[in-house]
Amino acid sequence: MTVNAAKLLDSRAAQVRAQLERVLPPVSARPRRLHEALRYAALSEGKRVRPALTLLACEAVGGKTLEAMPAALAVELVHTYSLVHDDLPCMDDDTMRRGRPTCHVRYDEGTALLAGDALLTMAFEVLASNGRPSGVRAARRLTAVAWLAEAAGSKGMVGGQADDVEQGGRTPDLPTLESINARKSGKLIAVSCRLGAYLGGGTPAQVEALYAYGRAVGLLFQIVDDILDGDGYAKLLGASQARREAEAVHRRAVGALGKLGRKGLPLARLADLILNRER
């Protein structure tokens with residue numbers, strides 16, 4: 001079976017974007033400026049790797065896309081909220097995101113802050129209510145809500161960001177860097193896979209395998225980012241050693257898919273794409 005990972009990612013990203021168009025409040029509904037900002041942030045161009053991983057993990061255990069779509073939307077909404085808040089002047093103070101003005105530049109700081117709040121809240125609304133009927137039991141949706149909340153909160157993404165802020169722009173030592181990255185970016189990527197496998201009806205062993213894959217892919221994504229930017233791992237280890245580390249993590253990610261057989265191949269090819277990306 002030949003798998004074109006780039007086309008696969010584009011296909012799943014398009015599915016997610018179409019569903020985001022449906023669930024996001026229309027601009028015609030009050031408060032109009034806030035809803036316009038939500039749509040501006042959430043519907044911007046992007047690879048949507050996290051929700052794609054959710055859908056592909058679901059498919060890898062024999063599930064249907066419909067079963068995992070609410071979770072895919074939820075992780076994308078959480079990710080988008082984090083970008084909106086990260087770009088604020090009190091955090092990274094970025095003025096451009098994905099080739100256009102950041103949310104607080106396009107609107108204003110207060111609107112961007114509220115837009116991030118609304119996106120985060122909406123993520124759990126979508127996941128708990130499950131959007132369109134999908135056959136996923138309420139008990140499973142409740143577990144999914146708890147997993148996503150943990151990954152996004154002080155034990156995960158927000159906690160990693162807090163520790164990063166404490167560094168004050170300094171490059172941390174390797175153990176601190178790994179701890180920050182595992183939570184700041186890795187947790188959401190890992191839980192994306194875990195949610196897809198779980199909501200798709202995977203066995204406990206399959207869910208754990210895909211969670212392990214997600215943890216490895218999250219680390220791989222960060223190391224490659226650092227190599228491209230000359231930052232983080234590349235600054236601490238040197239570009240050559242960082243590349244060897246990325247290759248080792250890639251092998252770990254692909255190895256975690258062993259129990260899935262051929263159904264794990266799309267995710268293996270996606271790991272290849274992440275390892276070899278140029279931006």
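The values are calculated or read from the model by the stated rules, or taken from the named source; none is laboratory data. Remember, predicted model here, so these are calculated numbers, not experimental data. Note: ideal-geometry Cβ built from the backbone for every residue, glycine included; neighbour counts use all protein chains shown.
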Of the conditions (1) in contact with a Gly (Cβ under 7 Å, 6 or more places away or on another chain); (2) not basic (Lys, Arg); (3) not in a helix (DSSP H, G or I), Asp93 clears all except one; give me its number. (1)
Quick check on my filter: what residues within segment 164-177 are free of Cβ contacts under 8 Å to residues at least 40 places away in the same chain and either aromatic (Phe, Trp, Tyr) or crowded, with 16+ Cβ neighbours inside 10 Å (or both)? Asp164, Pro172
Name every residue in segment 1-55 that is among the β-branched types (Val, Ile, Thr) and closer than 23 Å to Ala118 by Cα, in order of residue number. Val16, Val23, Val27, Val49, Thr54
Selection from segment 225-236 of residues crowded, with 18+ Cβ neighbours inside 10 Å and farther than 16 Å from Glu278 by Cα yields Gly232, Tyr233
Pairs with Cβ under 7 Å, 6+ apart, first in segment 96-107 and under 17 Å from Lys47 (Cβ atoms) and basic (Lys, Arg), second modelled with pLDDT of 95 or more and assigned to a loop (DSSP other than H, G, I, E, B): Arg97/Asp87
Could we say that Glu36 is within 26 Å of Val136 (Cα to Cα), of a type in the set (Asp, Glu) and surrounded by 14 or more Cβ atoms within 10 Å (Cβ to Cβ) here? no
Within segment 92-116, can you find the residues that are surrounded by fewer than 16 Cβ atoms within 10 Å (Cβ to Cβ) and polar (S, T, N, Q)? Thr95
Looking at (1) crowded, with 22+ Cβ neighbours inside 10 Å; (2) among the charged types (D, E, K, R); (3) without any contact (Cβ under 8 Å) to a residue 24 or more places away in the chain, which is the one condition that is false for Lys184? (3)
For Gly156, work out the one condition from (1) closer than 30 Å to Pro26 by Cβ; (2) crowded, with 18+ Cβ neighbours inside 10 Å it doesn't fulfil. (1)
Among the residues of segment 156-184 satisfying the criterion of being small (Gly, Ala, Ser) and at pLDDT 95 or above, which is nearest to Ala68 (Cα to Cα)? Gly156
Hey, among Gln241, Gln206, which residue is at pLDDT 95 or above, more than 17 Å from the chain's Cα centre (by Cα) and buried (at least 17 other Cβ atoms within 10 Å of the Cβ)? Gln206
Does Ala29 satisfy the criteria of being surrounded by fewer than 17 Cβ atoms within 10 Å (Cβ to Cβ) and outside any helix (DSSP H, G or I)? yes
Take the residues in segment 254-277 that are over 13 Å from Ala216 (Cβ atoms), in contact with a helix residue (DSSP H, G or I) (Cβ under 8 Å, 6 or more places away or on another chain) and of a type in the set (A, V, I, L, M), then tell me which one is surrounded by the most Cβ atoms within 10 Å (Cβ to Cβ). Leu260
